There are 2 protein chains.
Amino acid sequence: MSEADDRLRLSLLTEPGDPRLGILLRDVEPGELVAAILRGGSSIPGPWRERTATLDARVDRVKARVEEHGLRWVVPGSREWPCALDDLAHVEAAQDAGGPPVGLWIRGGGRLAALAERSLAVVGARDCTAYGTEVASEIAADAADAGVTVVSGAAFGVDAAAHRGALALGGASIAVLACGADLDYPRANAALLTRIAEEGLVVSEQPPGQTPTKSRFLSRNRLIAALAGGTLVVEAARRSGALNTLRWSDALGRACMAVPGPVTSQQSAGCHRAVRDGKAVLVTEGRDVLAELAGPGALSEPEPGGAATEFDQLPADARRVLDALQWREVLTVRGVADRAGLTTREAGRCLKQLQRRGLAESTVGGWLLARRADIG
Amino acid sequence: MSEADDRLRLSLLTEPGDPRLGILLRDVEPGELVAAILRGGSSIPGPWRERTATLDARVDRVKARVEEHGLRWVVPGSREWPCALDDLAHVEAAQDAGGPPVGLWIRGGGRLAALAERSLAVVGARDCTAYGTEVASEIAADAADAGVTVVSGAAFGVDAAAHRGALALGGASIAVLACGADLDYPRANAALLTRIAEEGLVVSEQPPGQTPTKSRFLSRNRLIAALAGGTLVVEAARRSGALNTLRWSDALGRACMAVPGPVTSQQSAGCHRAVRDGKAVLVTEGRDVLAELAGPGALSEPEPGGAATEFDQLPADARRVLDALQWREVLTVRGVADRAGLTTREAGRCLKQLQRRGLAESTVGGWLLARRADIG
């Protein structure tokens with residue numbers, strides 16, 4: 001029996017995402033572990049032992065579903081397996097769901113390893129505001145436009161907006177589900193999931209046909225965080241599941257980002273808390289996100305309209321002269337000097353400086369502020 | 001002649017806020033410096049020399065205004081002088097306006113040193129949004145309610161909202177002006193300035209009657225930052241003067257804070273940039289601000305509705321059982337075990353745990369989710 005088959009059996013004998021599984025697979029080959037569970041020693045957790053009785057029937061059912069829905073079973077070490085997922089082996093299972101998945105069921109034509117290589121998770125509130133939808137969709141579109149795959153959970157709200165934003169720009173997207181990859185969950189997003197599978201991938205560690213539970217949503221979150229180069233939270237209340245994904249991203253050493261919003265909105269409270277606690281970097285647009293994904297070593301573009309204005313960069317005396325000048329009132333050098341608290345010679349020198357920069361204009365009878373000098 | 005008189009003359013011979021003044025006063029007594037300027041050596045800046053001719057007349061004019069408007073002249077070392085202002089002597093004058101003021105003209109009945117002791121600067125955009133007005137006013141009210149003096153610049157927008165928020169709670173407020181403390185600037189805020197003077201203070205380093213200029217606004221900002229224990233920016237565009245105040249606060253080692261807003265609002269762009277660049281801590285409410293003012297050593301209250309939910313804190317098996325339970329469908333222990341992927345014994349143990357926590361209910365024929373178990 002191949003390792004892929006052993007892993008498939010493991011995924012049916014255990015609960016995928018169970019941290020004990022990850023720990024055991026550090027020391028034991030999948031085939032050995034399957035054999036040990038089938039032997040049923042006292043060290044094997046009861047629920048795993050109980051599932052042995054129906055294993056063969058379930059393998060057959062899963063294989064039928066795989067065929068019916070055009071799924072494939074991808075395992076560690078295969079060409080399509082993204083190394084990024086192996087990072088989960090090195091995370092302390094403090095979050096109580098851990099380890100790399102034993103394998104992934106995949107629906108869609110994309111290649112997982114290639115799509116995950118440059119990728120961003122965009123997650124957030126299901127019951128987000130119109131602001132959340134707009135920002136998630138725009139940042140996802142910017143990411144897609146830069147060739148970055150958008151990873152999310154296909155839930156209502158921020159997740160769906162992020163997938164849609166990426167697809168709108170012709171980008172690829174990966175939906176990681178808490179149920180079987182053959183199921184459309186939530187049902188209302190069936191058309192979206194079909195499009196995601198066409199342009200990217202629908203992925204799950206849960207066997208085909210499996211229904212989602214709260215625990216499975218939580219263990220699914222670690223896969224979203226691990227697949228992506230960084231996680232962005234767009235709107236999350238204080239207890240949002242999106243913050244769980246962010247914690248996984250942090251534990252994995254990935255970029256962690258959050259979008260701020262009005263402090264009067266509960267849907268941004270989790271984002272603000274994450275930034276305040278240093279768990280996420282504040283980002284406001286696609287450019288910020290791409291810079292964070294690129295990492296601290298990346299070159300940052302000079303920002304348009306940066307902090308230091310042209311006014312700030314002028315010598316102090318020239319600034320006083322600029323202050324003294326008017327748009328409509330022609331002033332003599334003497335008049336400028338008086339207003340600026342400078343000598344006539346100093347004022348004259350500054351006026352020449354400002355004229356060279358196009359900030360002051362010499363005219364009949366004296367000096368005026370140049371039209372372009374609106375550099376507040 | 002007293003030192004207070006020497007300092008008054010200095011403020012009329014020089015431009016208050018001129019960094020050269022701060023540097024000279026590190027080594028020379030005010031009286032000596034006045035004498036040196038009056039002697040007019042070549043080391044004395046031209047504009048200072050030029051002002052000597054009209055000094056006596058200006059002293060008389062200022063004294064008349066002081067009397068007319070009920071101002072007082074407060075100088076370093078006097079009982080009302082806040083030591084906080086002396087911190088300006090230790091800041092590199094990189095911002096090109098520096099040093100402690102030679103003295104302050106003050107209008108109002110409050111005592112400056114006492115009011116500044118626990119104080120918060122709230123600054124921001126003149127053309128702020130309704131959101132900015134609301135947040136500035138609310139946080140200022142929270143500060144006032146905690147006995148913290150709100151310091152600002154009496155400008156339109158955020159400044160005025162902050163003063164008003166403090167006054168609304170019966171708190172004291174300090175307005176630091178870029179013009180003479182006798183002037184109502186902007187004129188539309190005259191009634192507000194009158195109330196501030198009644199409940200707190202209107203303060204300026206500029207001589208009475210002096211008009212504001214861009215340079216004076218900038219050097220005024222350092223006084224706002226220095227008087228307050230920390231500076232909070234509520235709405236600031238990328239080039240807002242409020243960010244200048246924040247930089248001063250940073251240079252002085254004071255608490256630096258910014259309120260986030262929608263990323264779609266240009267009026268929050270400066271705040272977001274400051275947080276992103278690590279120049280300000282993100283704050284969302286009065287409680288955050290008071291915690292920052294108290295400093296890192298202060299005890300932080302346990303937050304309501306914190307990150308770890310009751311669900312997160314349950315053992316993994318108990319979480320699965322909680323997932324499996326329903327509100328309306330009574331399940332046998334066997335049924336719960338099947339859904340949770342646990343043995344009957346494990347499921348039974350978890351149900352007892354959940355029952356003790358009031359999350360599961362035992363009823364005729366089996367188990368139900370308890371009503372209070374909405375702990376998502």
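The values are calculated or read from the model by the stated rules, or taken from the named source; none is laboratory data. Predicted model, so just to flag it, every value in this text is computed and none were measured. With ideal geometry, Cβ positions are generated from the backbone for all residues, glycine too; neighbour counts draw on all protein chains shown.
Values computed for the structure shown
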item	result
Residues (buried (at least 24 other Cβ atoms within 10 Å of the Cβ), over 24 Å from B:D142 (Cα atoms) and among the hydroxyl-bearing types (S, T, Y)) located in the range B:165-214	B:S204
Those residues of the range B:138-157 which are within 14 Å of the chain's Cα centre (by Cα), assigned to a helix (DSSP H, G or I) and over 20 Å from B:A269 (Cα atoms), in sequence order	B:E138, B:A140, B:A141, B:D142, B:A143, B:A144
Check on A:P76, within 14 Å of chain B (Cβ to nearest Cβ) and within 20 Å of A:I106 (Cα to Cα)	no
Unmet criterion (only one of (1) under 29 Å from the mean Cα position of the chain (by Cα); (2) under 30 Å from A:T194 (Cβ atoms)) for A:L21	(2)
Number of positions in the range A:326-345 that are within 11 Å of another protein chain (Cβ to nearest Cβ) and over 15 Å from B:R51 (Cα atoms)	1
Residues of the range A:250-284 classified as part of a loop (DSSP other than H, G, I, E, B) and either over 12 Å from the mean Cα position of the chain (by Cα) or more than 17 Å from A:G132 (Cβ to Cβ) (or both), total	13
A:A155 being out of contact with any helix residue (DSSP H, G or I) (no Cβ under 7 Å at 6 or more places or on another chain) and of a type in the set (A, V, I, L, M, F, W, C)	yes
Tabulated pairs, the range A:38-63, first within 20 Å of B:A337 (Cα to Cα), second surrounded by 13 or more Cβ atoms within 10 Å (Cβ to Cβ) and of a type in the set (A, V, I, L, M), C-beta under 6 angstrom, 6+ apart or interchain	A:I44/A:I37; A:P47/B:L342; A:W48/A:L13; A:W48/A:I37; A:R51/A:L13; A:T52/A:L38; A:R58/A:L12
Count of residues meeting criterion [outside any helix (DSSP H, G or I) and aliphatic (A, V, I, L, M)] in the range B:113-137	5
Failed item in (1) over 25 Å from B:G98 (Cα atoms); (2) modelled with pLDDT under 95, with B:R216 passing the rest	(1)
Residue in the range A:139-146 that is in contact (Cβ under 8 Å) with a residue 24 or more places away in the chain and under 25 Å from A:L24 (Cα atoms) present	no
Pick from the range B:269-285, criterion surrounded by fewer than 20 Cβ atoms within 10 Å (Cβ to Cβ) and more than 8 Å from every other protein chain (Cβ to nearest Cβ), ranking: nearest to B:D250 (Cα to Cα)	B:K279
Checking A:G110 against (1) at pLDDT 95 or above; (2) not in a helix (DSSP H, G or I), the condition it does not meet	(1)
Qualifying residue in the range B:175-195 (condition: within 30 Å of B:K63 (Cβ to Cβ), among the hydroxyl-bearing types (S, T, Y) and in a helix (DSSP H, G or I))	yes
Count - residues of the range B:311-327 that are assigned to a loop (DSSP other than H, G, I, E, B) and of a type outside the set (S, T, N, Q)	4
Every residue from the range A:75-107 that is modelled with pLDDT of 90 or more and polar (S, T, N, Q)	A:S78
Leading residue by the ranking (nearest to B:L13 (Cα to Cα)) among those in the range B:120-136 that are surrounded by fewer than 24 Cβ atoms within 10 Å (Cβ to Cβ) and of a type outside the set (D, E)	B:R126
Failed criterion for B:R222 (all others in (1) within 14 Å of B:V122 (Cα to Cα); (2) in contact with a strand residue (DSSP E or B) (Cβ under 7 Å, 6 or more places away or on another chain); (3) part of a helix (DSSP H, G or I) hold)	(2)
Qualifying positions in the range A:8-32 - free of Cβ contacts under 8 Å to residues at least 24 places away in the same chain and either in contact with a His (Cβ under 7 Å, 6 or more places away or on another chain) or assigned to a helix (DSSP H, G or I) (or both)	A:L24, A:D27, A:E32
